[in-house]
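Okay, structure first, notes after.
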Amino acid sequence: MNPWILFIGIAVLSWLVQMNLQNKFKKYSKIPTGNGMTGEEVALKMLRDNGIYDVQVTHTNGHLTDHYNPATKTVNLSDGVYAGRSIMAAAVAAHECGHAVQHARAYAPLTMRSKLVPVVSFASQWMSWLLLAGIITLNTFPQLMLAGIILFALTTLFSFITLPVEINASKRALVWLNQSGITTLHNHGQAEDALRSAAYTYVVGALGSLATLIYYIMIFMGRRD
């Protein structure tokens, strides 16, 4: 298969997934949970219910910028989630706390991903330059491109390790939301739909990274055409 067809297909799929996520965010941000809790309050309750008292819940600017930072032990919630009282706010807040629970329970994929962060940071900084220089000097100094491919492979590995981390965090969030009574049977399905849409973005990102890696390997093997 022509790799450009694959790239275009993944790019279109990525755009569709992002649009779907944006639509789901808007839709479920208008539906209240019923108990009036904000995303911050949901996060604090989930942490306490899991016996976690050394993680802070903070506010971060932006849209869909929510994340858990294991280095600082902070659950960082975006504008619409931190003060939001919707199904989406509750689902996202619980998902990020799912990462905090993973950290507290030493969830293996999260531990592996955390250890790879400095390596991936280094790889991301240099791989583009090495790949560009490697393509230019492919026939005279192929080692440059090989080094770039190795670094790119590390970032691709990181993308795939991220998948079980994100999926497991959502599962933990959904179980807790149901057990805690924050979501009703109907709302639980809506929260699950929202988190599933978010997970698709990671799947598409990982596939896109893999497709790009294969393309560079094809160039290195003299099969660019």
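Can you tell me which residue in region 100-140 is surrounded by the most Cβ atoms within 10 Å (Cβ to Cβ), limited to those that are in contact with a helix residue (DSSP H, G or I) (Cβ under 8 Å, 6 or more places away or on another chain) and outside any helix (DSSP H, G or I)? If we take residues in region 100-140 being in contact with a helix residue (DSSP H, G or I) (Cβ under 8 Å, 6 or more places away or on another chain) and outside any helix (DSSP H, G or I), then Y107 is surrounded by the most Cβ atoms within 10 Å (Cβ to Cβ).
Output the residues belonging to region 28-59 that are among the charged types (D, E, K, R) and over 21 Å from the mean Cα position of the chain (by Cα).
Listed by number, the residues that qualify are K30, E41, K45, R48, D49, D54.
In region 147-172, the residues that are over 30 Å from I135 (Cβ atoms) reach residues that are basic (K, R) and in a helix (DSSP H, G or I) with C-beta atoms within less than 6 angstrom, at least six apart or across chains, in these pairs: V165/R113. Residue check: L146 meets all listed conditions (1) closer than 23 Å to V42 by Cα; (2) modelled with pLDDT of 90 or more but one, namely (1). Only one entry in A169, A206 is surrounded by 15 or more Cβ atoms within 10 Å (Cβ to Cβ) and in contact with a strand residue (DSSP E or B) (Cβ under 9 Å, 6 or more places away or on another chain), namely A169. Residue count for region 32-65 under the criterion of being assigned to a loop (DSSP other than H, G, I, E, B) and either surrounded by fewer than 16 Cβ atoms within 10 Å (Cβ to Cβ) or of a type in the set (F, W, Y) (or both): the result is 10. Given the structure, is T183 touching a residue at least 24 places away in the same chain (Cβ under 8 Å) and within 19 Å of the chain's Cα centre (by Cα)? When the stated conditions are applied, T183 does not pass them. Just one of (1) touching a Ser or Thr at 6+ places or on another chain (Cβ under 7 Å); (2) over 19 Å from T162 (Cα atoms) fails for L64. It is (2).
What do you reckon, is K24 within 14 Å of A194 (Cα to Cα), in contact with an Asp or Glu (Cβ under 8 Å, 6 or more places away or on another chain) and modelled with pLDDT under 95?
Criteria met by K24.
Looking across region 42-63, the residues that are aliphatic (A, V, I, L, M) and touching a helix residue (DSSP H, G or I) at 6+ places or on another chain (Cβ under 7 Å) come down to V42, A43, M46, L47, I52, V55, V57.
The values are calculated or read from the model by the stated rules, or taken from the named source; none is laboratory data. All figures in this text were calculated on a predicted structure; none of them were measured in a lab. All Cβ positions, glycine included, derive from the backbone under ideal geometry; neighbour counts span all protein chains shown.
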